[in-house]
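Read through the structure below, which is laid out as structure tokens, and then see the notes.
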Amino acid sequence: MMFTAQVSSTVLLAASAVSAGTVLWDGRFNDYASSADLDKWSFSNPVGEYQYYIHGKGETAEYVNLSADFKNPGDSASKQGVKISLTDTAFWNGDAMRRTELIPQTKAAINKGKVYYHFSMKRSETNAPSVNREHQIAFFESHFTEMKAGWISGAQGDSDPALRWFADSKSQWDTPWEAGVWHNVAYEIDFDASTVGFWHSTGSDALKQTVAPVKASTSSNGADWHLGVLELARSGFTDANEDIFFSGVYIESGDLTTAIGSGSAAGSADTPPPAAKPVASSSAVIAPAPTTLATSTKAPSTTSAPSATSTKAPSTTLATSIEAPSTSVAAQPTLSATTTAARPTATRKCRKRKARTVQQVAA
């Protein structure tokens, strides 16, 4: 009897570890034959798990590629991962910055209550992101939380090798960003309490809370979380091909799933998506690094989470428009004629402000 009780207890604990929460949206690319499937999506035909409109003018395979080789080996729930690339054509909608980004296509409540945004990310030695330019990664339109890498405006020196987590425009955690190391992340976002926490691990290790929830102006319309990278231009540094790899992307509610490779889609609360609206606001995207760049007090490990450090600095702003191209907006049946007609003027003004601000940052 005692043996039976022990076995039952073990089974229950194992089941609990496999999937603690309810998957609201599953972005693990398991249903994509290749990145060409992203081209099936449009504002008038919102199919698949992702909106795909923030990219350069090249073919999809120039910016997004899928492969089993691109996933975290410890993530058994993902069939493949994604390589997001910046190339010499990765300029979207006339912007001076390079960007390749995917946005969840769902009408699930991913912007309500307490939810967890999961993803794993790494870089390789080949096509490594520049340490001389700021990269905004896995960010929201209002930038209340995001990952960042590379030199940030206002920092001393010309480079920064750190990978950082930002919340409320402040660096809350950082570690040296070494090639080949998978960093597993969960944003703990409480939209009601306006707080964000940070969970982290490396390799196949279970997530641990690295930074307790901090206050932030949590804001999302449910279609403005950007999986991918935006790189700010910087005078004196030429463009080079850059790659960032992502794996295990999903959003859940309820209890946090800490095991890597769990979060089964069997509990998904998603429903068929409605016609999507483009993100059309502008926001502050730069928060300068501290006067002295912070580095981890411990060397990063491929098997355990690095220690947390907190680095705060005053923020500056650079306006960036995330408005969809006018041809896509015209296809939106939900936009009024007044809104559509006013859009070109607003876009021109926004671009002028961006051009002036980018020049100031470059100076």
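Here, each number is a calculation from the coordinates, and none is a lab measurement. All of these numbers come straight from a predicted model, not from anything done at the bench. As a convention, Cβ positions derive from the backbone with ideal geometry for all residues, glycine included, and neighbour counts pool all protein chains shown.
Which part of region 44-73 falls in the paramagnetic zone of Asp88, meaning amide N under 19 Å from the point 7 Å along Cα-to-beta-carbon? From region 44-73, the list is 56-64.
When only Cα pairs below 8 angstrom with a gap of at least 6 residues are kept, region 48-140 shows a relative contact order of 29 percent. The slack between Asp192 and Ser159, meaning 0.36 nm per residue of separation minus the straight C-alpha distance, is 8.1 nm. Whole-Hz Karplus values for region 127-144 come out as 6, 5, x, 5, 7, 9, 9, 7, 10, 9, 10, 6, 10, 8, 4, 7, 6, 6 Hz, taken residue by residue from phi with 6.51 cos²θ - 1.76 cosθ + 1.60 and θ = phi - 60°; glycine and proline positions read x. Taking a straight Cα-Cα cut-off under 12 Å and skipping sequence neighbours fewer than 8 places away in the same chain, the aspartates and glutamates within cross-link reach of Lys148 are Glu134, Asp160, Asp174, Glu231. Projecting label points 7 angstrom from Cα along Cα→Cβ for Ala33 and Val47 puts them 1.1 nm apart. Restriction of the GluC sites (Glu not before Pro) in region 121-215 to DSSP coil positions whose beta-carbon has at most 13 other beta-carbons within 10 angstrom yields Glu125.
Ordering Thr126, Thr218 by the number of other Cβ atoms within 10 Å of each residue's own Cβ, fewest first, gives Thr126, Thr218.
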